[in-house]
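Some notes on the structure that comes next.
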Amino acid sequence: MDCRVNFLRGSVCLALLFCAVAAGARAQETGEREQDGSQGSLMLFVPVGYDFIRLDRQSAHSPSAGLGFMLTQDGRRFMGTVLYNPFFFAREPQDGLPTRFHQITALLDARVNRHQFMALFNSSADRPVSGGLGTFFSGIGWGYQAISQPHMSLTLGAILVVGDFGIALPSGTAWPVLPLPLINLGVNTQWLAMSANLPLSVGFTVAPQSRISGAANVRLGGFRGINDLIYEGVLWYRPFGSDHPLGGMARIGAGAKNESTSFTIARSEERDAARIAMRRTSVFAAIDLTALQIRGGWTFSSHYLLDGREAGSPGRGFFVSVQGAVPIFLW
């Protein structure tokens, strides 16, 4: 089997990250008692959003909408979301490449006592699913919370993902299945909240209960080089005190980030499947109202990556992002 260097490309990393984040969201609930068996709750919500990017030689916009739920009953918790996110370039990112892409994401996370069960599906391509194995990936995972202390937790498990990871058999066909480990460490104290989803991401907040706090996260989108490093850092300020109704819900911040928007271009008679990405380094300001977050900022560095290689720059410019969740049913 020919295990080329690029076998851990972005899709594998994103698959593991999705599962790790889902486990991390549960692992960070350290110190929380299991709900009484007679209590339960159900919430249905609609995640919505809109992103707009305007650069010197490119502009793009991306609406999003979906459906999600969260159910708790008898010490068990179930969470699921389905999101559709089309992406429209104003100009071809490279000659002959499409300007319209589609992202479909589905995630299910279940917690039963200390057990975590996860399932996911993601497709980011010009022809989702129908364009072949390289245009989507899916996976299932399991984790066990080995340590559950008031301020620390550790979840260990494994994930089995299906997709095109660049691993080729001697016959030339793709090896479609890859097992990956899951290690999640959560820390939650008065002065530090951290979630380490090894080996791919580390996120932490300094002074999470104070009116001024700092948050940062770093993750790998692949193992091809420094361009696969994705980061974000934000300095947050809560304008209202803890005695105010909005004290724990509203904050403003300023930060910097390095991010990448990437899609698979389906295989056709003219070309093999390819991967196009637009990487941007930006500074921004943010308003966070818990269920609604608004960001706007300036991109001072950007470039295209075609199959991991730099392929020009769309220039500098500004961006605006609005993301929110609207509850539609509470019980």
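The values are calculated or read from the model by the stated rules, or taken from the named source; none is laboratory data. It should be emphasised that the depicted structure is a prediction, and the values quoted were computed from it without experimental measurement. No Cβ is skipped: glycine too gets one built from the backbone with ideal geometry, and neighbour counts run over all protein chains shown.
Details
- Some residue of the range 124-136 being among the charged types (D, E, K, R) and closer than 29 Å to PHE329 by Cβ: no
- Selection status of ASP288, in contact (Cβ under 8 Å) with a residue 24 or more places away in the chain, of a type in the set (Asp, Glu) and farther than 27 Å from PRO128 by Cβ: yes
- For the residues LEU71, LEU83, the requirement of being in contact with a Leu (Cβ under 7 Å, 6 or more places away or on another chain), assigned to a strand (DSSP E or B), of a type outside the set (D, E, K, R) and in contact (Cβ under 8 Å) with a residue 12 or more places away in the chain singles out LEU71.
- Among the residues of the range 305-322, the ones that are in a strand (DSSP E or B) and either charged (D, E, K, R) or over 14 Å from GLU259 (Cβ atoms) (or both) come to 7 in all.
- Of the criteria (1) modelled with pLDDT of 95 or more; (2) surrounded by fewer than 18 Cβ atoms within 10 Å (Cβ to Cβ), which one GLY255 fails: (2)
- Some residue of the range 11-25 being at negative phi, surrounded by fewer than 18 Cβ atoms within 10 Å (Cβ to Cβ) and either at pLDDT below 95 or not in a strand (DSSP E or B) (or both): yes
- Entirely in the range 98-163, the strands (runs of 3 or more DSSP E) that have 1 or more residues that are surrounded by 18 or more Cβ atoms within 10 Å (Cβ to Cβ) and charged (D, E, K, R): 100-112
- Of PHE52, PHE88, all but one fail to be under 29 Å from ASP288 (Cα atoms), in contact with a Lys or Arg (Cβ under 6 Å, 6 or more places away or on another chain), in contact (Cβ under 8 Å) with a residue 24 or more places away in the chain and in a strand (DSSP E or B); the exception is PHE88.
- Search result, residues across the range 204-226 that are modelled with pLDDT under 90 and out of contact with any Asp or Glu (no Cβ under 8 Å at 6 or more places or on another chain): GLN209, ARG219, PHE223, ARG224, GLY225, ILE226
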